[in-house]
C-alpha cells in the first residue's frame with residue numbers, strides 16, 4: 001500500500017468522527033501538524049462523549065469528578081519510516097491521565113491510526129499513575145524538575161491565585177489536582193521533555209508530615 005493510500009485511510013477515519021471535512025490524500029500530505037492535532041483532539045473528545053452516553057451519563061457532563069480518571073491529549077506526531085517496500089506512516093500520541101486528587105501519569109502510544117494511538121497512550125498512562133503531594137490546592141514547597149535539557153520550576157501560590165502555567169505543564173498540574181501553582185519552563189520546550197520534567201518535580205515534593213516521619217519526629 002502506497003503512502004498516499006495510507007493517508008487516505010487515516011484521513012477517512014478522522015472525517016468519520018464528524019470533526020473534519022473530507023480531504024484528499026494530496027491535501028492531507030500538506031496538512032500541518034497543528035491542524036492534524038486539532039482534528040485528533042476533536043475525534044478524541046467526540047469518542048469520550050459517545051462513551052459517556054453509552055454508560056448512561058448525561059450529555060451535559062463535561063468534567064470528571066475528583067477521583068475519576070480523566071485524560072488530556074498533549075500532542076500527536078507523525079512518524080515516517082523508510083523500509084524496503086517503501087515508506088510507512090504511523091502516529092505517536094502523548095496524553096496525561098489523572099484523577100484530579102493526587103494521582104497523575106504520562107502515557108504514550110504508537111499506531112497506524114490516530115484513534116488507536118490515543119487509546120494505547122491512555123492505557124499506558126493508567127499503568128504509570130504516580131501519587132503526588134497536594135496541600136490544599138497547591139504544592140508543599142518550591143521545587144525544580146529536570147529531564148534532558150528541560151528544567152521546570154514549580155512554585156506554590158495562595159488560594160485563588162490560579163494556575164499560572166501553559167501547555168503541557170498546565171495539563172499535568174490540573175489532572176494532578178492542583179489549582180494554585182505558578183510554573184516556569186527553561187530550556188527545551190519539547191512536549192515530552194516538559195511533562196517528564198514536571199513529573200520529576202512532583203515526585204521530589206514532600207509534605208511536612210513526610211519529612212517529619214523521615215527524621216523520626
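Numerical summary
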quantity	calculated
Proxy reagent accessibility, fewest Cβ within 10 Å first, across 194, 82, 143, 181	82, 143, 181, 194
Euclidean distance of C-alpha centroids, the range 92-166 and the range 167-215, integer Å	8 Å
Ranked list, fewest to most other Cβ atoms within 10 Å of each Cβ, for 178, 186	186, 178
For a label point 7 Å along the Cα-to-beta-carbon line of residue 212, residues of the range 136-159 with backbone N under 20 Å	136-142
Computed FRET value (nearest 0.05) for residue 153 with residue 81, which takes r as the C-beta separation and R₀ as 45 Å	0.75
For the range 81-187: span of alpha carbons on each principal axis (Å, largest first)	58, 29, 19
Residue exposure sequence - 80, 189, 138 - by fewest surrounding Cβ within 10 Å	80, 189, 138
Extension gain from residue 164 to residue 131, taking 0.36 nm per residue of separation minus the Cα-Cα distance	9.7 nm
All-pairs Cα distance distribution in the range 133-207, expressed in whole percent, bin size 10 Å	23, 59, 17, 0
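Values in this text are rule-based calculations from the coordinates and carry no lab data. On a predicted model such as this, the values are computed, not experimentally measured, just so you know. Cβ atoms come from the backbone with ideal geometry, glycine included; neighbour counts cover every protein chain shown.
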